[in-house]
Amino acid sequence: MLRLAGDVSGRRILDAGCGSGPLTAALRAQGAVVTGFDASTAMVALARQRLGDDADVHVADLGAPLPFGDDEFDDVVASLVLHYLEDWAGPLTELRRVLKPGGRLILSVIHPSVYAIVYPEADYFALTRYSEEYTFDGQSAVLTYWHRPLHAVTAAFAAAGFRIATVSEPPPAADTPPGLLPPGLAEGRSFLCFLFFVLEAA
């Protein structure tokens with residue numbers, strides 16, 4: 001996300017679905033003026049712990065009208081957020097509204113092909129709700145996602161007034177712990193996991 005954002009010094013950026021604020025912190029460290037929001041009050045509280053009590057973070061729902069003005073931000077970042085939403089039309093329209101003309105929406109989602117690999121019996125071309133169980137720090141949690149095929153992803157971008165400037169399938173960062181990577185992955189090689197886009201507001 002940071003590599004795709006490039007030089008952000010002095011840019012006003014909205015971190016949509018900021019969680020506990022790691023991307024907000026990284027962008028601020030590079031000189032951006034960052035506003036963040038998340039639907040979870042607990043996550044916003046964690047973001048304030050990370051960023052300081054004066055951090056510009058809000059509780060807001062991407063599925064509802066956002067509490068920001070038109071053309072307010074140079075960029076929006078949305079890291080691993082949209083795949084939790086069934087409807088993309090409203091959220092993308094809102095993110096387009098708060099962006100200045102020519103502004104960028106930089107986002108990442110679960111790569112659509114992963115669904116076809118993990119669930120080969122499923123219909124790749126259908127909008128599908130699915131859940132997976134994970135263990136975090138010894139506690140079980142169920143995460144629910146919405147799969148949509150690649151053509152539906154790009155069609156949603158176009159319908160909301162965005163033009164695709166970049167599509168990226170990057171390799172893991174060089175300092176990624178080996179235990180988090182697929183076995184036998186050669187250094188510098190990508191694997192199907194997340195898909196990144198830079199979109200420009202038309």
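The values are calculated or read from the model by the stated rules, or taken from the named source; none is laboratory data. Keep in mind it's a predicted model, so treat the numbers as computed, not measured. Here the Cβ is made from the backbone with ideal geometry for all residues, glycine too, and neighbour counts use every protein chain on show. Keep in mind that these areas ignore ligands, DNA and RNA; they rest on the heavy atoms of the full protein, side chains included. Shrake-Rupley method; radii C 1.70, N 1.55, O 1.52, S 1.80 Å.
Condition (residue is surrounded by fewer than 14 Cβ atoms within 10 Å (Cβ to Cβ), of a type outside the set (Lys, Arg) and more than 23 Å from Phe196 (Cβ to Cβ)) applied to the range 1-22: is it met by at least one residue?
Yes: the range 1-22 contains one or more residues that are surrounded by fewer than 14 Cβ atoms within 10 Å (Cβ to Cβ), of a type outside the set (Lys, Arg) and more than 23 Å from Phe196 (Cβ to Cβ).
For Arg189, indicate whether it is among the charged types (D, E, K, R), in a loop (DSSP other than H, G, I, E, B) and either touching a strand residue (DSSP E or B) at 6+ places or on another chain (Cβ under 9 Å) or open to solvent by 80 Å² or more (accessible area, probe 1.4 Å) (or both).
Yes, satisfied.
Kindly list, by first and then second residue, each pair from a residue in the range 60-83 that is under 11 Å from Thr35 (Cα atoms) to a residue that is among the hydroxyl-bearing types (Ser, Thr, Tyr) and part of a strand (DSSP E or B), limited to pairs with Cβ atoms under 8 Å and residues at least 6 apart or on different chains.
Phe68/Thr35; Phe73/Thr35
Return the pairs, sorted by first residue and then second, in which the second residue is surrounded by fewer than 23 Cβ atoms within 10 Å (Cβ to Cβ) and of a type in the set (D, E, K, R), the first residue lies in the range 22-34 and is in contact (Cβ under 8 Å) with a residue 24 or more places away in the chain and more than 11 Å from Ala5 (Cβ to Cβ), the beta carbons are less than 7 Å apart, and the residues are 6+ apart or on different chains.
That search, which allows pairs on different chains as well, returns Ala25/Arg50.
Assess whether Arg129 counts as being at pLDDT 90 or above and exposed (fewer than 13 other Cβ atoms within 10 Å of the Cβ).
yes
Anything in the range 91-108 that is within 16 Å of Arg148 (Cα to Cα) and surrounded by fewer than 20 Cβ atoms within 10 Å (Cβ to Cβ)? List them, or say none.
none
Of the residues in the range 135-163, how many are open to solvent by 60 Å² or more (accessible area, probe 1.4 Å), not in a loop (DSSP other than H, G, I, E, B) and not polar (S, T, N, Q)?
Count: 7.
Which of the residues spanning the range 1-22 are part of a strand (DSSP E or B) and either hydrophobic (A, V, I, L, M, F, W, C) or within 19 Å of Leu80 (Cα to Cα) (or both)?
Ile13, Leu14, Asp15, Ala16
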